[in-house]
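The values are calculated or read from the model by the stated rules, or taken from the named source; none is laboratory data. Bear in mind that the values here come from a model prediction, so they are computed numbers and not experimental data. Note that each Cβ is placed from the backbone with ideal geometry, even for glycine, and that neighbours are counted across all protein chains shown.
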């Protein structure tokens, strides 16, 4: 009784929060310019009402009572998940929540201007305030080993900084020589192919088509245009993904759409009967990202995938691609080279971008790195890790929105996503020996069903680590990703 | 102090309600099919939270305290407006509110099917429930003369059934012979011109253009596509209007857009400093409709307007309109003839459609007309008033969504809009002798400013009746509309 009342209450909170999801989606797709300020008021109000609903005495009472009753395993997992969110929320003083909301709202505006003008100095005081508040947040939430743990936990429940650092160190150690070998191979991918003319309307049709092909349910979702693509699971039967079209950048919309489609398929296949409770919610950001990366890269940048889809793409852009072969196209979309911008990075160097940020934000949080010294530290690491000299902060420490939005502890989930995706794909191939040939014939349903059965359907029933062990029999490791990258690139670059 | 706290509280409620506005807009423009059920949950939750916020003890306390303090005229008007809404809300038992929400949600679904299948019998039990509940609502709200007063008051504050009936009787008495004279004139408008081929993309561009021309601020609003067009003022800087495009129906999108543009201009020019309180809210539905009708008909179907815009329209649809003159086009868009469908009716017969509904819904409410007898009563009146035999209920009593949505007492505001628009235009022409020549040269700013100064800027400071007297020096009358229609049609039909 208290369990079902607790779930009912949480469902209501999720329904209210879903209104904010729609407000957010609209803000980034259709909102008229002059509606921006009021949209902020709407979002702030809904966020406050959700927070009040969560930390109300009724929630605490229902939680305690439910914890004292006999529950099934699923019910217990659900109650534990609610407890986790509740405990975190009540630890945060309301003044801190409000201060963070204001600081990140102001911070994002300041960041946008600063990025545009390559002017870190103008952003510095805003970032200082945000880092100070995040430090307070970490203290309020509490931690044993590292203040970063307290922030990481919000995005990747149960993850520990020290363990991630170990994992990422191993990854970096193997990635760096692989990237060096590619650079020294003397083989250069025909990147220019992707920068030819791809009429936007044809790109749009292709994106919508491929999204549905791999399993996004358009009758329960939409694909719209935005500046910084995202996926928003509004609620049962309603998941919105977004992309952007640039006539001179084939990869941007195509792989961007596949990426968001992966997130969207996860959201669309969460168990609807648990909507609004942990068992109906995605496991972690790392697992979420594993789904987007899996469709974008492990499927979308694979040979079998292009075996199935090359002809259609070539016909769609007939005059643009008449002189290109399937192999050359495959080489172009798997171009590896160090670059400044994370979101444009290839499958190998991408993870170095993450490691750089992961280490810098730890140092910012502990105070080992002063905010004023961020650009210097960033540029120094870019030189060391990528052998690149950052010409301006817009291509450096000002490129990402995350810190201005208070998202500290978020970046590592991107590389976790790559690692999980690689490890899941090893198992998927073992479970379905015909998987590659399925994909080569444009059949994705079996893989999608496998993902739903093994991942989507569990919501937060297991932690990300537990889920990984359940599916693959092993804890998360850097090896599957490295094995995958080495195999792929040794063939492409003859290394 | 209590006044500003009260306003703050109401602004918050309005901000929450504005989330429902966006949910509603999205439901009718972009929502994926499978998201429908959950959208209902979201809307129901927000409606409940708004209702709870309104009827909470805090509102009552702040209201009483504010009423006991010294207030400016504007403040007093604001407090009175809040009192009105509060008093109505607390009179409604929560069970009745919930029952109505359920009955109208089920009712609209049933209506849609019934309309599609011309099957009144399947809709009858739903309508019966709704009428029963509306009767309860009228009783709960209370009334002196007629239960219909209690419902009418929600849409047209202060309006009385008996006064509307008198006004509409006078209107009908003069409309009927005018329409008869037009029918007997022997002149038939070249309606087929409007049913030629008008490519949708050109219509879209034209609609967006004319909407901005007359004064809709696209940086503070949008024009999207929907099935049943509407305008939704989300909040400051954000007003959404909608239209629909049909290649074989020029008038639908063009005049539909002008209509919603009129609503949109009203919403966009309400005083933003009063947002969320009565002084920042549209006066009444009748006044709202006066703004849409004014731009759609009094401007959009006028000779000066087409003097300014004919060439552009002819060029836009060059192959379609090459053989058409400005005069013939003007005649086509002012075709008068009795027809089955209200929303497609001309400026004269439209009001008979309203009078028919106004009388029938009064009779349904008092019980003088049984729900089961509605189709018969409808068809009988159509015969008498329009000399038309209704072939099926989809063209008859099932054509409008209103009753299935619980909107009883809403229809008369449409004709009130026509009457107010006519009376306002007489005054506008008196105040601005060059108005017609302004419009003839495509200049609408002066009229828009006049409307904002005289109407929009006041919000609910004055009742609709007071506003009319303030602006025109006279109470609302059927004469200005009749004078306008007679002048226009005597020229067109030589009567």
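Annotations
- Count - residues of the range B:445-461 that are within 18 Å of residue B:261 (Cβ to Cβ) and surrounded by 21 or more Cβ atoms within 10 Å (Cβ to Cβ): 4
- Residues in the range A:368-400 that are closer than 23 Å to residue A:166 by Cβ and assigned to a loop (DSSP other than H, G, I, E, B): 2 in all.
- For residue A:177, the stated conditions hold: it is over 19 Å from the mean Cα position of the chain (by Cα) and more than 22 Å from residue A:318 (Cα to Cα).
- In the set (1) within 14 Å of chain A (Cβ to nearest Cβ); (2) within 27 Å of the chain's Cα centre (by Cα); (3) surrounded by 17 or more Cβ atoms within 10 Å (Cβ to Cβ); (4) in contact (Cβ under 8 Å) with a residue 40 or more places away in the chain, the condition left unmet by residue B:46 is number (4).
- Within the range B:475-486, one or more residues are free of Cβ contacts under 8 Å to residues at least 24 places away in the same chain, surrounded by fewer than 16 Cβ atoms within 10 Å (Cβ to Cβ) and not in a helix (DSSP H, G or I).
- Odd one out for residue B:150 among (1) surrounded by 15 or more Cβ atoms within 10 Å (Cβ to Cβ); (2) outside any helix (DSSP H, G or I): (2)
- Hey, residue A:174 more than 14 Å from chain B (Cβ to nearest Cβ), out of contact with any strand residue (DSSP E or B) (no Cβ under 9 Å at 6 or more places or on another chain) and at pLDDT 95 or above or not: yes
- Residue tally, condition surrounded by 21 or more Cβ atoms within 10 Å (Cβ to Cβ), farther than 23 Å from residue A:221 by Cα and either modelled with pLDDT under 95 or within 8 Å of another protein chain (Cβ to nearest Cβ) (or both), over the range A:9-38: 1
- Exclusive hit being buried (at least 16 other Cβ atoms within 10 Å of the Cβ) and farther than 24 Å from residue B:462 by Cα, set B:139, B:170, B:134, B:160: B:134
- The set of residues in the range A:452-472 being assigned to a helix (DSSP H, G or I) and touching a residue at least 60 places away in the same chain (Cβ under 8 Å) consists of A:452, A:456, A:457, A:458, A:464, A:465, A:467.
- Unique match (being over 30 Å from residue A:98 (Cβ atoms) and without any contact (Cβ under 8 Å) to a residue 60 or more places away in the chain) among A:389, A:370: A:389
- Some residue of the range A:53-76 being within 14 Å of chain B (Cβ to nearest Cβ), over 27 Å from the mean Cα position of the chain (by Cα) and farther than 25 Å from residue A:282 by Cα: no
- Residue in the range A:247-259 that is farther than 28 Å from residue A:420 by Cα and free of Cβ contacts under 8 Å to residues at least 24 places away in the same chain present: no
- Subset tally (residues that are buried (at least 23 other Cβ atoms within 10 Å of the Cβ) and out of contact with any strand residue (DSSP E or B) (no Cβ under 9 Å at 6 or more places or on another chain)) for the range B:266-277: 1
- Those residues of the range A:343-367 which are in a loop (DSSP other than H, G, I, E, B) and closer than 25 Å to residue A:173 by Cα, in sequence order: A:345, A:346, A:347, A:348, A:349
- Filter pass, residue B:84 being assigned to a helix (DSSP H, G or I), surrounded by fewer than 20 Cβ atoms within 10 Å (Cβ to Cβ) and within 14 Å of another protein chain (Cβ to nearest Cβ): no
- Test: residue in the range A:127-138 that is more than 17 Å from residue A:374 (Cα to Cα), over 24 Å from the mean Cα position of the chain (by Cα) and without any contact (Cβ under 8 Å) to a residue 12 or more places away in the chain: no
- Test: residue in the range A:429-436 that is within 24 Å of the chain's Cα centre (by Cα) and modelled with pLDDT of 95 or more: yes
- Of everything in the range A:227-252 that is under 25 Å from residue A:332 (Cα atoms) and surrounded by 24 or more Cβ atoms within 10 Å (Cβ to Cβ), the residue that is nearest to the other protein chains (Cβ to nearest Cβ) is A:243.
- Taking the criterion of being surrounded by 24 or more Cβ atoms within 10 Å (Cβ to Cβ), more than 12 Å from the chain's Cα centre (by Cα) and within 20 Å of residue A:461 (Cβ to Cβ), the only residue of the range A:279-302 that qualifies is A:283.
- Taken together, the residues in the range A:323-342 that are free of Cβ contacts under 8 Å to residues at least 40 places away in the same chain, out of contact with any helix residue (DSSP H, G or I) (no Cβ under 6 Å at 6 or more places or on another chain) and part of a helix (DSSP H, G or I) amount to 1.
- Subset tally (residues that are in contact (Cβ under 8 Å) with a residue 12 or more places away in the chain, under 23 Å from residue A:442 (Cα atoms) and within 14 Å of another protein chain (Cβ to nearest Cβ)) for the range A:179-224: 8
- Hey, residue B:264 in a helix (DSSP H, G or I), under 30 Å from residue B:6 (Cβ atoms) and out of contact with any helix residue (DSSP H, G or I) (no Cβ under 7 Å at 6 or more places or on another chain) or not: yes
- Number of residues in the range B:386-420 that are under 27 Å from residue B:468 (Cβ atoms) and surrounded by 18 or more Cβ atoms within 10 Å (Cβ to Cβ): the value is 15.
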